[in-house]
Amino acid sequence: MLLEPARMSAELAARLLAELDQLVLIDPHTHINPHAPASTTLADIMGYHYYTELAHSAGMPKAQIEEPGLDPKTKVGRLVEWLDKLDNTVQVSWLVALCQKFFGFDADRITPQNWEALYDKAAAKMAEPDWEDQCLRSSRIERVFLTNDFDDPLEGFDTNRYIPCLRTDDLVFHLARPEVRQRLAKCTGIEFTNTATLKDAFGKLFAHFTKKGARACAISLPPSFAPKPVGLHEVRGPLQKILAHEAVTADEQARVSEFVFWSLAEYCAEYKLPFDLMIGVNRRVYRDGVYQGQDLFDQRVSLIQYQELFNHFPQVTFPISVLAQASNMELVSYAWIFPNVVMNGHWWYSNIPAHITVDTRARLQAAPRNKQVGYYSDMYKLEFAWPKFQMYRRILACVLAEDFVLDRGWTETQALDFGKQVLRGNVETIFNV
Amino acid sequence: MLLEPARMSAELAARLLAELDQLVLIDPHTHINPHAPASTTLADIMGYHYYTELAHSAGMPKAQIEEPGLDPKTKVGRLVEWLDKLDNTVQVSWLVALCQKFFGFDADRITPQNWEALYDKAAAKMAEPDWEDQCLRSSRIERVFLTNDFDDPLEGFDTNRYIPCLRTDDLVFHLARPEVRQRLAKCTGIEFTNTATLKDAFGKLFAHFTKKGARACAISLPPSFAPKPVGLHEVRGPLQKILAHEAVTADEQARVSEFVFWSLAEYCAEYKLPFDLMIGVNRRVYRDGVYQGQDLFDQRVSLIQYQELFNHFPQVTFPISVLAQASNMELVSYAWIFPNVVMNGHWWYSNIPAHITVDTRARLQAAPRNKQVGYYSDMYKLEFAWPKFQMYRRILACVLAEDFVLDRGWTETQALDFGKQVLRGNVETIFNV
Amino acid sequence: MLLEPARMSAELAARLLAELDQLVLIDPHTHINPHAPASTTLADIMGYHYYTELAHSAGMPKAQIEEPGLDPKTKVGRLVEWLDKLDNTVQVSWLVALCQKFFGFDADRITPQNWEALYDKAAAKMAEPDWEDQCLRSSRIERVFLTNDFDDPLEGFDTNRYIPCLRTDDLVFHLARPEVRQRLAKCTGIEFTNTATLKDAFGKLFAHFTKKGARACAISLPPSFAPKPVGLHEVRGPLQKILAHEAVTADEQARVSEFVFWSLAEYCAEYKLPFDLMIGVNRRVYRDGVYQGQDLFDQRVSLIQYQELFNHFPQVTFPISVLAQASNMELVSYAWIFPNVVMNGHWWYSNIPAHITVDTRARLQAAPRNKQVGYYSDMYKLEFAWPKFQMYRRILACVLAEDFVLDRGWTETQALDFGKQVLRGNVETIFNV
């Protein structure tokens, strides 16, 4: 909605963007390996599932990508052959942008002609001993949330820079796998035999993680999941079957998942940890897809499935990410009503400008400003924070310019304050950083 | 879609808005109490659930808002403390806009520093004996639809200005409550004992309401509701259980609801009343929420659930509001096909610029122009008509400018005629005002 | 998202549009009758269901439209009386645009005053012996996909210009109708008696169609459909009941539909034909609607229902159209992951600028560029290709201008190349034209 000249809007958005660019950020959700946070070759960067899955979708055989023993440079060369079919995607624009920013790449496309020089230049840059620091500094990122397996010792890295986060998918959905139970026993010293000792084991995890500075518990959830409190009598049987290595039905597994999930929420309450819910992913939909390129979703999901949870745990903050854009309006509305529901970033298939723009507009217009975490990078390697946040910042600057300064008559300072709160301030307050 | 310079668009939209501003309106859906239509203090205004629920969502304890015996001024002072967390919301922009328009407020934020002077100034203004008339005149509203309980005597007010509307949620969903049946018996003189006498009682309501000038029957409906004709043999049993004060199952309650709903539709046909359907709300989702701040929704709803109804009652007009924005496309498409389906306003969680813009665009582009009621305020107090309609008018002016004048080559007069029809003309023809 | 002045955007979009206008196109989905591809009177044009259903929705009695023996001119005259209630719709804008382009119509509205002169002028134009050629040339369309009944002999027309396409709704959903089985027997010479001979009959169809140059198999599907492989033992019983003229249950019909559908997919694999899936339509929702104006949809549908199909037939390309706009994000995401899923046009209720703009933006931004068929006209008469493609081209030009040239820094040539690929190039590669 624009009653003001758009030229004014464009100049204004550019000014706001320039200011937002200066802000040093905390990235509240990533998959960084703190022992190898930055890339060493372009293969680390182009091995990001976005590129392998898009190249495969465009026609590249999976075998060419996942050939055993493939050396990094050959892999990059093969992927580059397919980039001309993907250069329209915003995902590839992140790649080009980071190569331009970090590696002095001066073309606008990575091609079979120019990739090799880029590969070598990038490798040289990333071989510099302080590359990790350089990359973070240049990206204006100072702290990074991790996604840690529940049995991660959380040692050997700076937990002030790399903030632990307890990821719990395995516990909730895969406790029937012997290796998951073995990992749990090993890291907690508790071989659970019933619901009580299982909860004791979870308690050990929370004690360990919070001692190491964890700032969130997190999980991704399928569209069908609807958490609820389970009577102990309902979960005892299934749990004993699991311990006896007997097969459980889908229904029994559901009881176990609900019990574990509810127990984790109880510990979040006890340990005052926000519980990040990433709602809506179906795993392994495309069974022959490339690594990490197999998951999709079913848009028929509703936050009404979480009604009992939100009511039962008023003291737990739930930063929520939704996968289907159709869910954004529910997210805004639930955050508008429930004090403990917080909007968290733009996840995965929703993380493109077309969707972010629409979603950001609704969020900024309708829900309290202290309940919005604007963005997280979801990155596996540090180099991606900058281009991804940059994409978001541009959209944020435009929405602030159009919807707040031009349409609502805010001053630029007021708009910037709001932008900074959404980009950084709320990360501090919501995650207690 | 803009192939014309946006500067032209902005000036044009401003011109169209200035014209639309002059139009005197009929507000086709509100919750005004005709015995106390205007506010007396800022507490009436800030007690609107939008502010209490948003403040609570932002962190304000419910007890501070709903403390028994709280005096109006203290309540406002407490709420103001939280406004800095809500000032981004369009809901708060309505509040500031109306204070500026009606009470000479000249700041852009209501703060702990300036609220008290505003409170007093507002109270003085609203104490003027003709405040109701002033407010309506200044807001360019001449008639206002009400939402009346079925047992409202509809007396003691000017039914020409405040148009009665028969609200039927209690009958359809709460007939099992003894007090609802007592109210029905008292106002109709019929203590129903079976389906026939129950329908007779409904008939009395329609006769009473239409005699008093009612222009619509209305109801809000949960996402799960799917009306259908029920065999009398299916409803007799449940009805007898209700009359015997026995508990009914969810299924039995559903039969009763369907029977009552279908009977009401039959009376709408007989009395030629449009039947406003407000589709998609789940009540009491957040059980500890503030008053009127507990309801949410499940986006998984479809107008296909109303297929039988629309086919069965071609002579009844159904002005439809949808709660989930995801439902707007269905609404547009059903209005495009069914002669008796009309699009009605932007309801509740859909009533923010981000959603209205998208929804308005689709409605104006794709469905007959005589089947669109652009907006209603849904207000509880008269002061809200102006800022809410103003929000809508700005969006309407922009869509008319961009999609019709610039993109389709309409003259400004043609665009204005369309805007006026959507804002007022269709209210007259559809509701026979 | 605009960080550049919008004036620049408007001029740029106009330049891109002018270039895209020059491109000669292949229309990859229509309902053209190759024996009478063009119209002869305005009644052919205004008899398009868009106008009859909209006029009926706006209030025109069906009997006035479908009166037996109604002569074309009277019919047009009657419809014109209702156009003032529809002139806002983009559907009517196609009508006016084509009359302006082809018939020298110089007003902006078709009215009771000017329609008759237009009618006569149009009739004269369409009576020119080379009207079909003129229309195609002027519309810059060189080849047109058809929608052929499975028993179409595909003779008597130029299959190079009018490309056959095997439409299979009758086989999948109506095999229980004796006339469908008779048609199948007649055109294949096989009176099927079991699953094997039924498949043989299908094989004949594919052989016939591909021999005649068919480039796709196609079907429209209800929201409830979820294809899966069916065990022969599950389908044998229902099939025998059908052959014995016994009634089948909904469940038995579902098994037959699944079996037929899966068999068709197998033949698509064997004959290397893309399988166009048009997902999400409910037939005969408005039972008393005008001809072809009775269908609607249920937005609660997901591509997850097609998971098994996409996994099972990696060698078959599935160009997919979705009816509900809510499905577009799933379509983009599935095309982003599955190599065999292709995005195909903007179907029916989604085919209005408000939806196309949003959907195009997401598609161009997120999925490989070689997997997007931008548009098809879905027309019944040749005159509609131009205005419908023109609507799409304008949107495409704007999205290319804003999202690619201004926002991503592409050159105009790069943007045009992308536009041309989406408009034409991909039709050639995906359908092997």
For this session: Take the stretch B:175-194 and flag every residue that is under 16 Å from B:Val235 (Cβ atoms) and surrounded by fewer than 17 Cβ atoms within 10 Å (Cβ to Cβ).
Result: B:Thr193, B:Asn194
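Got a sec? Which of A:Asn328, A:Asn311, A:Asn340 is open to solvent by 10 Å² or more (accessible area, probe 1.4 Å) and closer than 22 Å to B:Arg284 by Cα?
A:Asn311
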Exercise. Would the stretch A:264-280 turn up any residue that is more than 30 Å from A:Lys211 (Cβ to Cβ) and not basic (Lys, Arg)?
Worked result: yes
Exercise. Taking helices (runs of 4 or more DSSP H) that do not extend beyond the stretch C:218-313, which have at least 3 residues that are of a type in the set (Asp, Glu)?
Worked result: C:250-271
Exercise. Within the stretch B:64-76, can one find any residue that is within 21 Å of B:Lys381 (Cα to Cα) and within 13 Å of another protein chain (Cβ to nearest Cβ)?
Worked result: yes
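Give the number of residues within the stretch A:16-53 that are polar (S, T, N, Q) and either within 14 Å of another protein chain (Cβ to nearest Cβ) or under 14 Å from A:Gln421 (Cα atoms) (or both).
Of the residues in the stretch A:16-53, 2 are polar (S, T, N, Q) and either within 14 Å of another protein chain (Cβ to nearest Cβ) or under 14 Å from A:Gln421 (Cα atoms) (or both).
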Exercise. Name the pairs: first residue in the stretch B:124-146 and polar (S, T, N, Q), second residue modelled with pLDDT of 95 or more and assigned to a helix (DSSP H, G or I), Cβ to Cβ under 6 Å, at least 6 apart or on different chains?
Worked result: B:Ser139/B:Ala385; B:Ser139/B:Trp386
Exercise. Going by the structure shown, is B:Phe297 of a type in the set (A, V, I, L, M, F, W, C), open to solvent by less than 10 Å² (accessible area, probe 1.4 Å), at pLDDT 95 or above and farther than 30 Å from B:His208 by Cβ?
Worked result: yes
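Taking A:Thr111, is it within 23 Å of the chain's Cα centre (by Cα), within 14 Å of chain C (Cβ to nearest Cβ) and touching a residue at least 24 places away in the same chain (Cβ under 8 Å)?
No; evaluated as a whole, the condition is false for this residue.
Out of curiosity, is A:Tyr271 open to solvent by 40 Å² or more (accessible area, probe 1.4 Å), within 18 Å of the chain's Cα centre (by Cα) and more than 11 Å from chain B (Cβ to nearest Cβ)?
Judged against the criteria, A:Tyr271 is not a match.
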Problem set entry | Residue list for the stretch B:90-137, filter: among the small types (Gly, Ala, Ser), in a helix (DSSP H, G or I) and farther than 17 Å from B:Thr40 by Cβ | B:Ser93, B:Ala97, B:Ala117
For this session: Would you be able to tell me the number of residues in the stretch C:314-325 that are at the interface with chain A (Cβ under 10 Å from one of its Cβ atoms) and assigned to a loop (DSSP other than H, G, I, E, B)?
Result: 2
Exercise. Tell me, which residue of the stretch B:66-96 that is open to solvent by 10 Å² or more (accessible area, probe 1.4 Å) and touching a residue at least 60 places away in the same chain (Cβ under 8 Å) is farthest from A:Ile337 (Cα to Cα)?
Worked result: B:Ser93
Exercise. Before we move on, is A:Val256 within 14 Å of another protein chain (Cβ to nearest Cβ) and either open to solvent by less than 20 Å² (accessible area, probe 1.4 Å) or hydroxyl-bearing (Ser, Thr, Tyr) (or both)?
Worked result: no
Exercise. Got a sec? Which of B:Tyr306, B:Tyr334 is farther than 30 Å from B:Thr52 by Cβ, away from chain A (no Cβ under 11 Å) and touching a residue at least 60 places away in the same chain (Cβ under 8 Å)?
Worked result: B:Tyr306
For this session: Kindly list, by first and then second residue, each pair from a residue in the stretch A:395-419 that is at pLDDT below 95 to a residue that is open to solvent by 20 Å² or more (accessible area, probe 1.4 Å) and acidic (Asp, Glu), limited to pairs with Cβ atoms under 6 Å and residues at least 6 apart or on different chains.
Result: A:Leu406/A:Glu4
For this session: Report yes if some residue within the stretch A:181-201 is closer than 27 Å to A:Thr30 by Cα, in contact with a Phe, Trp or Tyr (Cβ under 6 Å, 6 or more places away or on another chain) and small (Gly, Ala, Ser); otherwise report no.
Result: yes
Seminar exercise, completed: Restricting attention to the stretch A:40-52, the residues that are touching a residue at least 60 places away in the same chain (Cβ under 8 Å), touching a helix residue (DSSP H, G or I) at 6+ places or on another chain (Cβ under 6 Å) and within 29 Å of C:Phe318 (Cα to Cα) number exactly 1
Problem set entry | the stretch A:254-288: number of residues that are among the β-branched types (Val, Ile, Thr) and farther than 21 Å from A:Gly237 by Cβ | 3
Seminar exercise, completed: Note on the stretch A:208-219: residues in contact (Cβ under 8 Å) with a residue 60 or more places away in the chain and either over 23 Å from A:Glu428 (Cβ atoms) or open to solvent by 10 Å² or more (accessible area, probe 1.4 Å) (or both) are A:Thr210, A:Arg215
Exercise. Do the conditions hold for C:Asn88, that is, is it modelled with pLDDT of 95 or more and more than 14 Å from chain B (Cβ to nearest Cβ)?
Worked result: no
For this session: Scan the helices (runs of 4 or more DSSP H) fully inside the stretch C:362-432 and keep the ones with 1 or more residues being in contact with a Phe, Trp or Tyr (Cβ under 8 Å, 6 or more places away or on another chain), under 20 Å from A:Leu83 (Cα atoms) and more than 9 Å from every other protein chain (Cβ to nearest Cβ).
Result: C:412-420
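The values are calculated or read from the model by the stated rules, or taken from the named source; none is laboratory data. Predicted model only: the values in this text are computed from it and were never measured. Every residue, glycine as well, gets a Cβ built from its backbone with ideal geometry; the counts of neighbours run over all protein chains shown. The protein model used for the area step is the full one, side chains on, heavy atoms only, and it has no ligands, DNA or RNA in it. Shrake-Rupley method; radii C 1.70, N 1.55, O 1.52, S 1.80 Å.
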